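Some notes on the structure that comes next.
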Amino acid sequence: MPSKTLFIFIILAFTLLSSLSEAFTSSFFKRSFIPSYFKRTYEPVKCKPYLLTATHDKAIKGQMTFYQTSNGSILVTGTYQYGFNDPCDWCYTWSIQNQCGEVVYNFTDLYTEYAAKSGCDGYPPDYKCKRRDSILKRGYENDKCYIGEWGTKPWVIRFNNLIWDCDHKGIKNKTCEGKKIYDEWDEKHKVPKRLKNQGLPTGLFLVIEGNSNSGKRAYYYETTPMVSDDAPEA
């Protein structure tokens, strides 16, 4: 009998311990007694989407668009109609700079493909195509262009190492307080209707620089403000 009583006692004790263990691991216990900092799970930071544009509208004609995704990477799209010289004779670099001319980001991975002879539609208003003299050669011909006749093919590239503004990181606030060499807009600047919703200047600029490979030290650059509808008003 004593052995039978001991066996029953062991069974009851095991059952009781199992019940207590289940109670300690229940969701009620977790919610009620375990501090929240022990249960915290870290989710990836979701970044605020941003859309920025940079429109070149002088010697170089075209636009680049920057879109920050929720994971912080930036999609860059763009196309340029004209303003570039023969890429076999010229080398171009693209960068984001602040008003002091400091390079904030250099687009070393921007694999640009150039396209020749974008057409007369993109040339200045005072430029007129001349009709060929020969009747057999109907149509128009492009005379010597006042500006580079090369444009680019459209592109869409993701930059995972470029952040505009996310989790206290990014280039948004890399402006400068020193001597400013770039102006957001010149005095004669008038925004055309096609760009009326482009937003406000951010203090950063998209700069295109060209260097001749001929050894003649030919060089030019063109800059335009990067604008965003989220930029603070001055």
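The table for this structure:
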| item | result |
| --- | --- |
| Ascending count of other beta-carbon atoms within 10 Å, so fewest first, for HIS168, HIS56 | HIS168, HIS56 |
| Extended-chain gain in nm, criterion 0.36 nm per residue less alpha-carbon gap, TYR219 and ASN197 | 4.6 nm |
| Average Cα contact separation per residue, region 55-109, under 8 Å, 6 or more apart, as relative contact order % | 23 percent |
| Amide H contacts under 5 Å for TYR220, placed H, 5+ residues apart | GLY210 |
| Ranking of SER214, SER70 by count of other Cβ atoms within 10 Å, fewest first | SER214, SER70 |
| Simple label model, 7 Å out from Cα along Cβ direction - CYS91 to THR79, nm | 2.9 nm |
| For peptides 57-66, 200-209, sequence by mean Cβ density within 10 Å, most packed first | 200-209, 57-66 |
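FYI, it's all coordinate maths here, none of it is from the lab. On a predicted model such as this, the values are computed, not experimentally measured, just so you know. All Cβ positions, glycine included, derive from the backbone under ideal geometry; neighbour counts span all protein chains shown.
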